[in-house]
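The values are calculated or read from the model by the stated rules, or taken from the named source; none is laboratory data. Since we're looking at a predicted model, the values are computed, not measured. Quick reminder, even Gly has a Cβ in these numbers, built from the backbone with ideal geometry, and neighbours come from all protein chains shown. SASA here: full protein model, heavy atoms, side chains in, ligands and nucleic acids out. Shrake-Rupley method; radii C 1.70, N 1.55, O 1.52, S 1.80 Å.
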Amino acid sequence: QVQLVESGGGLVQPGGPLRLSCIASISTLNFGVMEWHRQAPGKQRRLVAQIFTTDGRTNYADSVKGRFTISRDNAKNTVSLEMNSLKPEDTAVYYCNGIRSSGYSWGQGTQVTVSS
């Protein structure tokens, strides 16, 4: 069974940076697209950023454009999310998702809390 494991979450002050990582149990090239989603308490899970694993094309939610950067290292089976200028409204559980022809693979999530 494919596993995705997120790490890097934690408590950070407003304006600070944080880097999330997602490591896959198989080559990331098996996934056409890898994504980061987030879910705040009482809200729906929403797409934050996505990256096409072959050519590196990226897309971002408007709310994080210019602050977040998604990247992948296919040699290490890892996708990362660099988050800067964090705001309290970025507080959520962040999930890694890999999309293949056979379906979706989700990680267990990592909590990010932005608070002073």
Review point. Which strands (runs of 3 or more DSSP E) does segment 25-108 wholly contain that include 3 or more residues that are open to solvent by less than 40 Å² (accessible area, probe 1.4 Å) and of a type in the set (Ser, Thr, Tyr)?
Key: none
Study note, to complete from the structure: Restricting attention to segment 94-116, the residues that are under 12 Å from GLY10 (Cβ atoms) and either basic (Lys, Arg) or within 14 Å of the chain's Cα centre (by Cα) (or both) number exactly 4
Point to revise | Positions within segment 6-24 being loosely packed, with under 15 Cβ neighbours inside 10 Å and either modelled with pLDDT under 95 or more than 12 Å from the chain's Cα centre (by Cα) (or both), in sequence order | key: GLY10, LEU11, GLN13, PRO14, GLY15, GLY16, PRO17
Exercise for review: Select from segment 43-89 the residues that are small (Gly, Ala, Ser) and either within 13 Å of the chain's Cα centre (by Cα) or over 19 Å from GLY9 (Cβ atoms) (or both) and list them in ascending order.
Suggested key: ALA49, GLY56, ALA61, GLY66, SER71, ALA75, SER80
